[in-house]
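Quick notes on the structure that follows.
The values are calculated or read from the model by the stated rules, or taken from the named source; none is laboratory data. All values reported here derive from a predicted model rather than from experimental measurement. Neighbour counts are summed over all protein chains in view; Cβ atoms, including those assigned to glycine, are modelled from backbone coordinates with ideal geometry. Ligands, DNA and RNA are stripped out before the accessible areas are found, and what is left, the full protein with its side chains, is counted by its heavy atoms. Shrake-Rupley method; radii C 1.70, N 1.55, O 1.52, S 1.80 Å.
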Amino acid sequence: MNLVLHSDHYQFDDFCYSPTEGVIVTKDKRIILKARENELLHILIKQHPLPATRDAIQQALWSNSYATDSTINQAIKTLRDDLIDSDRTLIRTIPKTGYILGASPKFVRYQMGAASKQKGAHIQYLPTFIFGLIFGLFFLVIGYQFGAPEVVGITATNNQTHYLLSQTI
């Protein structure tokens, strides 16, 4: 199971969250979020340390449709289930206002080299390398066997260049 994020992400509590990948990663699990829960968590992180109001959530997630309080409550419940937040400490309800993230998120910029430092990460490129090597050798041998054509003349007409090649057999 791939527990590495390949994009910029946020760390909070014991979670790593990538809004671009739409996943939450813990030390032993990778949780794929639905689009609404992904956007909802991203709103809570962007608003931190301020609460995200119910109006702001409704506007961001259901701007082209109508969402009732129960619709928003259900989205929060689903996100809490994904985060295994049964005691409601990670996503806190602010009565008559909205919701706030109960942990301080830290932005982490993705570094390409960090993922390749993992044991065996470079092996994923081996098939591509072998294919390229065989493909290159094949055309190198074919090129030597038949020879490359020789340019014997160049003409230019109407902003187009034409090359006259010799045939070698």
| request: Check ASP14, ASP81 and return the single one that is open to solvent by 20 Å² or more (accessible area, probe 1.4 Å) and modelled with pLDDT under 85. | output: ASP14
| Do any residues in segment 78-105 that are part of a loop (DSSP other than H, G, I, E, B) have Cβ atoms under 8 Å from those of residues that are among the β-branched types (Val, Ile, Thr) and open to solvent by 40 Å² or more (accessible area, probe 1.4 Å), where the two are at least six apart or on different chains, and which pairs are they? | THR97/THR53; GLY102/THR89
| Of the numbered conditions (1) touching a strand residue (DSSP E or B) at 6+ places or on another chain (Cβ under 7 Å); (2) hydroxyl-bearing (Ser, Thr, Tyr); (3) modelled with pLDDT under 90; (4) over 27 Å from TYR110 (Cβ atoms), THR93 satisfies every one except a single condition; which is it? | (3)
| Are any residues in segment 20-65 open to solvent by less than 30 Å² (accessible area, probe 1.4 Å), touching a residue at least 24 places away in the same chain (Cβ under 8 Å) and part of a loop (DSSP other than H, G, I, E, B), and if so, which ones? | LEU33
